[in-house]
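The values are calculated or read from the model by the stated rules, or taken from the named source; none is laboratory data. Keep in mind that this is a model prediction, so the values were computed, not measured. Don't worry about glycine lacking a Cβ; one is built from the backbone with ideal geometry, like all the others, and counts go over all protein chains shown. Note: areas computed on protein heavy atoms with side chains; ligands, DNA, RNA excluded. Shrake-Rupley method; radii C 1.70, N 1.55, O 1.52, S 1.80 Å.
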Amino acid sequence: MRSSNPVFSRRGFSRDNGYAGFNTAPQAGGAAVGTQGSPYAQPQGNPYATNPYAQQGLQQGAPPQTPVTTGRMTMDDVVLRTGTTLGILIVTAALAWALLPVDDANIGRSYGIGIGAAIIGMVLALVQSFKRTATPALIVSYAAFEGVFLGVVSSVVDNRIASGAAMQAVIGTLAVFAAVLVAYKAGWIRVNRRFYGFVMAAALGFLLLMVVNLLFAVFGGGDGLGFRSGGLGILFGIIGVLLGACFLALDFKQVEDGIAYGAPKEEAWLAAFGLTLTLVWIYMEFLRLIAILNSND
């Protein structure tokens, strides 16, 4: 189960239809609940067929056993790893906020450290994304460096542009997470090939426009093409949040599939990695939106 963020995913979706809630267990004969007609309905279509625990559950219809005896990924594993990763990110962000002041005398140094941490975090994320197995040290290190960057950027926006912006961005991120989770579990969001293809195309187009805008800003000065300021900036900020919500749906689908098909327990780290990437994306888009709205006042 790879990260479902389109930029980092190395495994596409193979389930075209059917809906199953969290903790769906495979039924006897190899098909998981809600996967009739899916390529994964046959044992040879199981992406974890080489995992003996997955084969045991899929081919014999055995009920899930405890993680100690099966080595399968569970929802508890995903929650624990995600909580660990986000906890490290929050702690380092808080430390960066407290120890890297953004007053006139120190903002240059603090922002430089934040940008350096962002670059290191991006490199670590790319390395993990192209690995076939989860490396907890890489994921935890990514969270730590990303937290430093978020702490500095949040402090800059909160103290110099819009007081309370960081808390507003946190609340917005949590609201999007809760809304997508409810919608996904209720079956209002169906993640299939068409959904995945749409999100992939939209994400690539969005990132391409942002890169072009950045290049124009670097070489032409000002705000580039204006995609990150004014009315266009607000529009693209909203689009960015919506894309983040789509990423969350993809992440939930990957977690669901991993549990249903007996993914190894270590895959929970990849689930935590994908969820952390997505939540950081949404938070940054909210923070950018708040900054634009206040700068236009």
Odd one out for G205, checked against (1) farther than 30 Å from T74 by Cβ; (2) open to solvent by less than 20 Å² (accessible area, probe 1.4 Å) | (2)
Is there a residue in segment 121-142 that is open to solvent by 80 Å² or more (accessible area, probe 1.4 Å), farther than 27 Å from A271 by Cβ and modelled with pLDDT under 95?
-> no
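Look at V241 and say whether it is open to solvent by less than 60 Å² (accessible area, probe 1.4 Å), at pLDDT 85 or above, over 28 Å from A175 (Cβ atoms) and not basic (K, R). Outline the logic, then answer.
Working: open to solvent by less than 60 Å² (accessible area, probe 1.4 Å): yes; at pLDDT 85 or above: yes; over 28 Å from A175 (Cβ atoms): no; not basic (K, R): yes.
Spelling it out, it is not the case that V241 is open to solvent by less than 60 Å² (accessible area, probe 1.4 Å), at pLDDT 85 or above, over 28 Å from A175 (Cβ atoms) and not basic (K, R).
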Applying the selection to segment 197-229, what residues are under 24 Å from T173 (Cα atoms) and modelled with pLDDT under 80?
-> F227, R228, S229
Would you mind stating whether V102 is over 16 Å from the mean Cα position of the chain (by Cα), modelled with pLDDT under 95 and buried (at least 19 other Cβ atoms within 10 Å of the Cβ)?
-> yes
Enumerate the pairs (first residue in segment 157-172 and on the phi > 0 side of the Ramachandran plot; second residue anywhere and outside any loop (DSSP other than H, G, I, E, B)) with beta-carbon separation below 7 Å, excluding pairs fewer than 6 apart on the same chain, so at least 6 apart or on different chains.
-> G164/D158
Consider R190 carefully, then state whether it is more than 21 Å from T82 (Cα to Cα), open to solvent by 40 Å² or more (accessible area, probe 1.4 Å), under 20 Å from the mean Cα position of the chain (by Cα) and not β-branched (V, I, T).
-> yes
Find all pairs meeting these conditions: Cβ atoms under 9 angstrom apart; at least six residues apart or on different chains; first residue within segment 189-218 and over 21 Å from M284 (Cα atoms) and among the hydroxyl-bearing types (S, T, Y); second residue open to solvent by less than 50 Å² (accessible area, probe 1.4 Å) and modelled with pLDDT of 90 or more.
-> Y196/L250; Y196/K253
